[in-house]
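These notes are about the structure you will find just below.
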Amino acid sequence: MLAMKKEKFASPIIPLAAAAFALLGAGCSSGTAEAPAAEGGTRTVEHIYGESELPADPERVVAVSVTSTPVLLSLDVPVVAAGTTSPSALTDDKGFFAQWAETADERGVEPLPGPEADLEAVAAAEPDVIVGNGFGADAVDESTYRKLSEIAPTVVYGESDIPWPELTEQMAGAFGAEDRAEEIAGEYADLTAEAAEKIGGDQEVVALTGTPDGFNVFTPESPQGRLLGDLGVPQHEFAEGEATRREGRSDTLSVSSENASAFGDASLLFVNTLGEEVEEYTETAPNLAKTPAFEEDRAFTLGAEAFRLDYYSVPIVTDRLVEVLG
């Protein structure tokens with residue numbers, strides 16, 4: 001199922017989405033780039049910490065944030081080393097996310113300590129460009145950005161609610177890979193259009209993860225919510241007081257374990273990072289067993305790949321959604 005260099009998605013945005021995708025980067029001030037004046041020149045790139053001058057044809061790109069790596073790989077950028085995260089059910093034994101680890105291995109990407117950037121290891125990789133992520137456990141803060149910029153030109157992209165297609169568009173502009181980004185947009189349009197026909201979109205859903213205190217629900221603004229929207233799947237709307245917006249986050253809402261009735265008649269889609277069995281979630285939240293989703297066998301797990309959506313995980317998650325909702 002993994003998408004390789006120049007491969008198409010393994011299986012299936014609604015018909016107008018490919019055109020919309022091409023416009024995403026145009027309205028974003030943190031991901032634009034000016035074309036280099038001549039071959040071998042530089043490209044001025046805007047990102048969340050300002051502007052950087054990148055070589056027009058880099059040969060050694062280092063992704064200091066593990067979540068930046070799949071975007072770069074999908075664009076055929078020459079990644080020589082990448083940060084890692086703690087090995088878990090989400091990753092291989094090096095700390096690369098499982099859905100793209102095979103691709104990284106085939107391209108000879110060396111693992112670096114992570115999730116925080118290790119400056120000495122980054123310097124030892126001799127990068128001519130460094131790329132980082134702007135949020136999450138592997139985020140590059142502004143202080144670290146300045147230190148990385150002393151090693152090589154550095155760009156940092158991303159917010160918690162940015163969809164992976166928009167991030168792809170931004171990075172494509174930084175590396176002159178707009179043609180490849182257009183191919184990816186077309187693949188995604190075909191993938192989701194075909195899957196949407198199989199799913200139908202009759203049953204509303206809630207995509208969520210379990211926490212010690214309850215649930216984090218993915219909003220329509222989250223990458224998971226945007227995928228569901230592109231598949232034509234209606235998402236449950238919470239009444240006032242049923243869910244709490246997390247401070248500084250637009251991608252998730254919090255729902256207490258005692259308030260599982262707030263899910264109403266929606267089917268439940270667990271973005272699972274631990275167990276594969278949906279019944280495991282009722283062990284920490286017994287009230288789930290009383291919801292229509294559990295009583296009518298409409299509660300499902302989506303697999304570890306659904307936690308971080310990217311070019312490599314989206315086909316896997318989409319196939320799973322077709323399986324459980326189609």
Within segment 110-128, is even one residue within 21 Å of Tyr311 (Cβ to Cβ), of a type in the set (Val, Ile, Thr) and assigned by TED's automatic domain parsing to the domain that holds Val71? no
How many of the residues making up segment 148-174 are in contact with a helix residue (DSSP H, G or I) (Cβ under 8 Å, 6 or more places away or on another chain), closer than 15 Å to Glu51 by Cα and assigned to a helix (DSSP H, G or I)? 4
Can you tell me which residue in segment 94-117 is nearest to Val79 (Cα to Cα), limited to those that are at pLDDT 95 or above and touching a strand residue (DSSP E or B) at 6+ places or on another chain (Cβ under 6 Å)? Val109
Among the residues of segment 199-219, is any among the small types (Gly, Ala, Ser), touching a Leu at 6+ places or on another chain (Cβ under 7 Å) and in the same structural domain as Ser261 (by TED's automatic domain parsing)? yes
With the structure loaded, tell me whether Ala63 is within 26 Å of Ala304 (Cβ to Cβ) and within 17 Å of the chain's Cα centre (by Cα) or whether it fails that test. yes
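The values are calculated or read from the model by the stated rules, or taken from the named source; none is laboratory data. A quick note: this is a predicted structure, and the numbers were derived from the prediction, not measured. Here Cβ is always computed from backbone atoms with ideal geometry, including for glycine, and neighbour counts include all displayed protein chains.
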